[in-house]
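Everything on this sheet refers to the single structure shown next.
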């Protein structure tokens, strides 16, 4: 799919390349070397000596090229269909176009399948007459085309699935609109779902005041529906609404009492959940601090170890110094002798 | 916030008849008490007559509020309180009282308009003087608020604790490095001067 993402028309480039290749081929063919580019269809069409095998190969090549073109065209249409299917608006749905595209793509896929089948037969028939590499090449080409066709059909199926899902979703949304409200909203609903492009009798009434405000798009349809819907509501349903209001009045005193109680209880519920949140925060903070406390613990352990070690060293030192008193005395004695000697010599 | 009067009246027929009542007249001087009491009875009868069965009503008159609740059986409960008293509590109390009254006295007992003594009213009027104490919802709310305040304080204390703990961490780090230096120095002392 990525390769045919942008469908550009590069036939002119193709033709120029073909011309160049022709020239090189002509130069190559004159020394009598076998054709190294058997798949260039127009080169073989130029009437140079075409043994039957070459004609078959070129026919094969032609068909393969045609199938490739067909596949890329179908993929383009499928992309368009995918874009249409992805649109989720209630308003701008274009079922006609989508149905057309679906039909065309189906036809294309069937035709391409047939062509590939023919090509495969051709390849098998010519399998004995051609050189080994060309036969393998043709087989590879057929396999490649079949793979591409399979991709296209898989994408087609996915797009159809997306489309059905969207249709269901939009239908359920429409149902929400229609069922939740009473009768007076249905005329509103109908004129809302009709796209401005579709002309139906029910929206004609909504569209007659539309021309002054056409520049504003969707919002206009919605805002105009209200005035068109309201006179309907006011005209037909006032007896009903009056009855409803009466009922409301009678029940209002108990209603307000019960409502107040309900509100009080809801306030209590909110407070309780707040409390729960505060407890959670507290727990989190304490657990964070626990890690720090572990660090303190490790540090104090280190301190104890170090101080003990230092004390040991100092004890060793002290014991040495203790034991070394004789040596110290002797050394001092030696120093005193040297000092006396120096004094004597100097004096 | 005070309740001045709780009463149960029969409002099936037009002149409503007071079946039982309790008054708290401590706020009024001895001389005006009888007048006030009559006024209360009269007004409660009026309000009971205007209350339709199955309806709750709150009437404000001068500085008093009349809370009325009429049951479909033909009795109505009236509470006279001052303006601050929460309506919710008053109506809850009315519902409770009427339920108890109807459970105690079947319809035949008060059909004739005879007086039906209902001593529980006395307890109620005393208990519900402070609605925050008596009403369950308000009690819950109050306790929850108190708990919330306590939790906020705890949270702040935990924050302070966190600060102290980080201080301790730094100090213990310093102590640990110093003790290490001490150890090294003493070890050096030992190894360096072997002569002496």
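Give all pairs with beta carbons closer than 6 Å in which a residue from region A:285-313 that is more than 26 Å from residue B:160 (Cα to Cα) and within 8 Å of chain B (Cβ to nearest Cβ) meets a residue that is surrounded by 15 or more Cβ atoms within 10 Å (Cβ to Cβ) and modelled with pLDDT under 90; count only pairs at least 6 apart in sequence or on separate chains.
Taking only residues 6 or more apart or on different chains, the pairs are A:310/B:186; A:313/B:186; A:313/B:187; A:313/B:190.
Six or more apart or on different chains, Cβ atoms under 6 Å: show the pairs whose first residue is in region A:79-108 and over 13 Å from residue A:157 (Cα atoms) and whose second is assigned to a helix (DSSP H, G or I) and at pLDDT below 80.
A:90/A:193
So residue B:72 fits all but one of (1) outside any loop (DSSP other than H, G, I, E, B); (2) closer than 25 Å to residue B:102 by Cα; what number is the exception?
(1)
If a residue counts only when it is surrounded by 15 or more Cβ atoms within 10 Å (Cβ to Cβ), more than 31 Å from the chain's Cα centre (by Cα) and touching a residue at least 12 places away in the same chain (Cβ under 8 Å), which helices (runs of 4 or more DSSP H) contained entirely in region B:101-196 have at least 1 such residues?
In region B:101-196, B:107-111 are the helices (runs of 4 or more DSSP H) which contain 1 or more residues that are surrounded by 15 or more Cβ atoms within 10 Å (Cβ to Cβ), more than 31 Å from the chain's Cα centre (by Cα) and touching a residue at least 12 places away in the same chain (Cβ under 8 Å).
If a residue must be touching a strand residue (DSSP E or B) at 6+ places or on another chain (Cβ under 8 Å) and either within 14 Å of chain A (Cβ to nearest Cβ) or not in a helix (DSSP H, G or I) (or both), how many such residues does region B:75-97 contain?
Of the residues in that region, 16 qualify.
Scan region B:50-64 for residues that are outside any strand (DSSP E or B) and surrounded by fewer than 16 Cβ atoms within 10 Å (Cβ to Cβ) and report the count.
6
The values are calculated or read from the model by the stated rules, or taken from the named source; none is laboratory data. All values derive from a computational prediction rather than experimental measurement. Here the Cβ is made from the backbone with ideal geometry for all residues, glycine too, and neighbour counts use every protein chain on show.
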